[in-house]
Each structure stands twice: as structure tokens, then as C-alpha cells.
1. Residues 113, 52, 121, 93: which one is under 21 Å from residue 27 (Cα atoms), over 14 Å from the mean Cα position of the chain (by Cα) and in a strand (DSSP E or B)?
2. When only residues in region 12-26 that are surrounded by fewer than 21 Cβ atoms within 10 Å (Cβ to Cβ) and under 16 Å from the mean Cα position of the chain (by Cα) count, which is nearest to residue 90 (Cα to Cα)?
3. Quick one: in region 27-48, of everything that is under 8 Å from the mean Cα position of the chain (by Cα) and assigned to a strand (DSSP E or B), which residue is surrounded by the most Cβ atoms within 10 Å (Cβ to Cβ)?
4. For residues that are within 12 Å of the chain's Cα centre (by Cα) and in a helix (DSSP H, G or I), scanning just region 55-85, find the one that is surrounded by the most Cβ atoms within 10 Å (Cβ to Cβ).
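FYI, it's all coordinate maths here, none of it is from the lab. No experiment lies behind these values; they were computed from the predicted model shown. Cβ placement follows ideal geometry from the backbone for every residue including glycine, while neighbour counts extend to all protein chains displayed.
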């Protein structure tokens, strides 16, 4: 990808989330900003996941995930999942979380988490576009959600520093 295109893509604003999932006793999470609502009824989201990321395999196997909304108070979660910790087999080991009855890990500190079930998956270049149905919302103390404008970098298929 050339630099002009990378800079242009970096100007598209997105929310900042941690996508968590589990399968076969393994838990994993990843920073996720390529998320959008695609249907009101039923409430559906599209989440793009890099096929090379460990979370992809676990989500493909389990079919469930939590979309944890990162806020101002929980920015350290984004930092954790951008660090080398993202490559660990169980990169949730040092992060406070609880298992939802669906088996998906939900981060304990986030203000909002959406429990989702995969409805469909579509190859999209080096990613898979998972269409997920929101099955439950967990709301806690309010926190202003972060967007890509709050970070000094943005992921456009590679990390671009501002």
C-alpha cells in the first residue's frame, strides 16, 4: 500500500474495541477498529478480522465473541493489545475478565460489551468479514468511547503513526 493511500485511509474514523473470544479452553483478544453496524433489525455488526491473527481461528471455531468498547478510562486495554502481548497464546491472562455463560470472555473494566454470535463469514482480502448478531448488551458505569482520532496511530492494514 502506498503512503498516500495509507494516509487517506487513516483519515477514516473508527471506534476502538477489544474483540474477545474463546474455544477449546483457549481465550484470546485483539484490538479491533474495523467494526460497523450493518442492520437495525435484527441488530447486526460487521467485524473484520485478520486471518493471520490467533483470534480469527478461535472465533471461527466458537462462533461467539464479545465486542468490548474501549473508553477513556480503559485506554490501557488498547495499549495492551497493541503491544507484544497480542502475540501470546492466552493474551487475556493478565487482563481482568469474566466468562459469560456463552463461554466468551468479557473484559471487567469496560463500560459496554456486546455479546455476539456469528451469522455469516465472508473472505475479504487478507481478512474475514464476520457478520455477527448482537445477543446481549452489558452496560456498566459510563465512559466516553475512544475513536481513532484519540490515538496517535491508526491501523489501515499496517500501523500508521500520525
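1. Details: 113 fails: over 14 Å from the mean Cα position of the chain (by Cα); 52 fails: in a strand (DSSP E or B); 93 fails: in a strand (DSSP E or B).
121 is the lone residue from the list that is under 21 Å from residue 27 (Cα atoms), over 14 Å from the mean Cα position of the chain (by Cα) and in a strand (DSSP E or B).
2. Within region 12-26, the first condition is being surrounded by fewer than 21 Cβ atoms within 10 Å (Cβ to Cβ), and the residues that meet it are 12-15, 23-26.
Those still in the list that are under 16 Å from the mean Cα position of the chain (by Cα) too: 13-15.
On the way: 13: 29, 14: 26, 15: 24 Å.
My answer is 15.
3. 29
4. So in region 55-85, the residues within 12 Å of the chain's Cα centre (by Cα) come out as 55-56, 59, 65-70, 77-78, 81-82.
Imposing the further condition that a residue be in a helix (DSSP H, G or I) reduces the set to 55-56, 59, 77-78, 81-82.
Details: 55: 24, 56: 20, 59: 28, 77: 24, 78: 20, 81: 24, 82: 15.
Restricting to residues being within 12 Å of the chain's Cα centre (by Cα) and in a helix (DSSP H, G or I), the top hit is 59.
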